[in-house]
Ligand SMILES: Cc1cc2nc3c(=O)[nH]c(=O)nc-3n(C[C@H](O)[C@H](O)[C@H](O)COP(=O)(O)OP(=O)(O)OC[C@H]3O[C@@H](n4cnc5c(N)ncnc54)[C@H](O)[C@@H]3O)c2cc1C
Ligand SMILES: Cc1cc2nc3c(=O)[nH]c(=O)nc-3n(C[C@H](O)[C@H](O)[C@H](O)COP(=O)(O)OP(=O)(O)OC[C@H]3O[C@@H](n4cnc5c(N)ncnc54)[C@H](O)[C@@H]3O)c2cc1C
């Protein structure tokens, strides 16, 4: 069984700062990481790869330095890594991204065998749209299973898969046919450390690097900024609230009295809350 | 650089809202979108339409009636057994059919799991732009949809346009838009559309649906009162103080993200950028510093009360009432004082 995991390299958003004057994102010096949500997809994919003794390819589209994330994925235990990189991809929105990735996936399919499952994370921590997974599925005509928390059954001979997914208001158990695209929910597993063998292999591994032409893309108008229907009009900081909190005095006030004062302030400012609470307590 | 809208897109008119009514009840975010959609449609001088998909004619008729009362001029309905449960294939097919037939200029969906699953594949099928998880919608001076969304964990906002493609699509977070008032008895036109899909055409099958009601999941987004705790509470035991206060108030409880990571509460109770957006009448935050990622999830609350030992904690920049105090001591006192107030009222009744 061949499985592909799409991963994005993202800036570590905990360390992102916004320039106070120009309102732009300061990316310089900010370390990059594998999108944390993608690690759940990678671990899930490796478990099924192990079970079926298959092969696992990781794919990322990004600048040449995105190679770091691919090498990292190899140390966790991925078998093969493909980097899709070309200046024509710069400025891609999700429509252009899903086009580029779908093209590369078709190429992967002819070069290394058709994948039975393609995994993505639920979303990224930078663009955060959750749109790329569904986009790839539609472009490749695959059945799409989003927000999957568990693969309940995988029957390769019958091309059948059953999963649990987070749906609106509950959990849906879906059954469909392979091949599928799965977007994996967070928190469902923990990425393995990888073996020493994996680390050694990763250090020596050759990352397969493709540009747009290598991936079989002939129409460059579908790529990057030109292939992106969305346009970022402006970026700005949220406007600060004019006034700060009204502080209720606390010095030398016993805690019981303080509690009473807090309640009177709440009821004074939100009489509706007092009304609701009275109704609630009367109904008890 | 703005190009001229291609000729074949000029016929695209009207604002549409995709209504979620999978389990017989309309998701409140759909009404929030109709409220906002009404304003956008008025500004554009076009009609506001709701799209109701499902398997049960009675449920669809009742959802359509509600849509009129929340501001829709017309409702497109597709009634078909294959739409009884949400499945991407069937819903995408229905939506793309409708768009290609009736040509809306703006198409809005809730940023729920259903809305995001559906919007992503509809936009790709139609090859148009989709702005994700927006918190604000407007019509700009050129008449385009300007969709604003928080990025980089809420520390920046960006406004995104889809200039030369139609429809202009966006998903919007539940609870960031105002719930419009309901105009009882208001009606409009219904347009029924046939899908023409057979069950055999849909590969994916729903084996089972386990509703959250049965599994005690938090209903945070729509709670009137929310009490939340943060790392300042220092232990899982002290986090119980938050639950006790919530219980006395008939409120929901929640917390900041680190509490999920520490296992003090489940992830469905996380409030903020990567958790729930809430819009309660009263929000009490105990031992929460007020990081930007937390702030964006609570800013819509009518009254924010913050308890924090640090007078310079960022939460005091956006809370309405601030109490510089030890939450571990104040929470039990508050619970007791509220209990007293409420039992006095019970005796008086
Ligand atoms: C602040 C900001 C806001 C944006 N808003 C929008 C918007 O509203 N609409 C829009 O169309 N575009 C938007 N974009 C552009 C969008 O982020 C890019 O198209 C990006 O390439 C992919 O989208 P994402 O990061 O949202 O991925 P998501 O759709 O959230 O990612 C889902 C999964 O797809 C896979 N994946 C995503 N990107 C790659 C990749 N490059 N290589 C391999 N796998 C990948 C990963 O497995 C990931 O977990 C925005 C970008 C930024 C920086
Ligand atoms: C991509 C990303 C997404 C994120 N998403 C979210 C999200 O959705 N929601 C979220 O909440 N966070 C989110 N975060 C994390 C966020 O940045 C903060 O780290 C987090 O909100 C801090 O939690 P806290 O306020 O509980 O803890 P801290 O920041 O440690 O604050 C504890 C506070 O308690 C006060 N305190 C200490 N002792 C007491 C006491 N006895 N009584 C009263 N006060 C006391 C302290 O003064 C301090 O202000 C996200 C971060 C990233 C990078």
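The values are calculated or read from the model by the stated rules, or taken from the named source; none is laboratory data. Note that the structure is a prediction, hence the values are computed from the model and not measured. Note: ideal-geometry Cβ built from the backbone for every residue, glycine included; neighbour counts use all protein chains shown.
A few notes on this one:
- Residues of segment B:299-316 that are farther than 23 Å from residue B:234 by Cβ and within 7 Å of chain A (Cβ to nearest Cβ): B:302, B:303.
- Scanning segment B:16-36 turns up no residue that is assigned by TED's automatic domain parsing to the domain that holds residue B:116, in a helix (DSSP H, G or I), more than 19 Å from residue B:106 (Cβ to Cβ) and without any contact (Cβ under 8 Å) to a residue 60 or more places away in the chain.
- Matching residues in segment A:270-282 - criterion: being at the interface with chain B (Cβ under 9 Å from one of its Cβ atoms) and either in contact with a helix residue (DSSP H, G or I) (Cβ under 8 Å, 6 or more places away or on another chain) or surrounded by fewer than 17 Cβ atoms within 10 Å (Cβ to Cβ) (or both): A:272, A:273, A:274, A:277, A:278, A:280, A:281, A:282
- Total residues in segment B:80-122, condition in contact with a helix residue (DSSP H, G or I) (Cβ under 7 Å, 6 or more places away or on another chain), within 14 Å of ligand 1 (Cβ to nearest atom) and in a helix (DSSP H, G or I): 4
- Evaluating residue B:128 against the criteria (1) under 19 Å from residue B:14 (Cβ atoms); (2) under 21 Å from the mean Cα position of the chain (by Cα) leaves one unmet condition, (2).
- Annotation note: Cβ proximity below 7 Å between a residue of segment B:126-146 that is at the interface with chain A (Cβ under 7 Å from one of its Cβ atoms) and a residue that is outside any strand (DSSP E or B) and away from ligand 1 (no atom under 15 Å from the Cβ) (sequence gap 6+ or interchain) occurs for B:128/B:166; B:146/B:140.
- Given (1) at pLDDT 95 or above; (2) within 16 Å of ligand 2 (Cβ to nearest atom), number of the condition residue B:191 does not satisfy: (2)
- Residue match in segment A:237-249 (condition: more than 10 Å from chain B (Cβ to nearest Cβ) and assigned to a loop (DSSP other than H, G, I, E, B)): yes
- Which listed residue, of B:309, B:335, is away from ligand 1 (no atom under 16 Å from the Cβ), under 20 Å from residue B:251 (Cα atoms) and touching a residue at least 12 places away in the same chain (Cβ under 8 Å): B:335
- Look at segment A:40-61: where a residue is without any contact (Cβ under 8 Å) to a residue 60 or more places away in the chain and a partner is within 16 Å of ligand 2 (Cβ to nearest atom), sitting 6+ places away or on another chain with Cβ atoms under 8 Å, you get A:60/A:8; A:60/A:9; A:61/A:8.
- Some residue of segment A:19-29 being within 16 Å of ligand 2 (Cβ to nearest atom) and buried (at least 17 other Cβ atoms within 10 Å of the Cβ): yes
- Segment B:147-165 - residue that is more than 9 Å from ligand 1 (Cβ to nearest atom) and assigned to a helix (DSSP H, G or I) and, of those, farthest from the other protein chains (Cβ to nearest Cβ): B:154
Residues are listed down the side, and each one gets a yes or a no for (1) over 18 Å from the mean Cα position of the chain (by Cα); (2) closer than 17 Å to residue B:115 by Cα:
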residue: B:10; (1), (2): yes, no
residue: B:22; (1), (2): no, yes
residue: B:31; (1), (2): no, yes
residue: B:41; (1), (2): yes, no
residue: B:46; (1), (2): yes, no
residue: B:67; (1), (2): no, no
residue: B:76; (1), (2): yes, no
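- Among the candidates A:98, A:103, A:149, residue that is within 21 Å of the chain's Cα centre (by Cα), away from ligand 2 (no atom under 16 Å from the Cβ) and surrounded by fewer than 19 Cβ atoms within 10 Å (Cβ to Cβ): A:149
- Set A:162, A:152, A:148: member being within 8 Å of another protein chain (Cβ to nearest Cβ) and assigned to a strand (DSSP E or B): A:162
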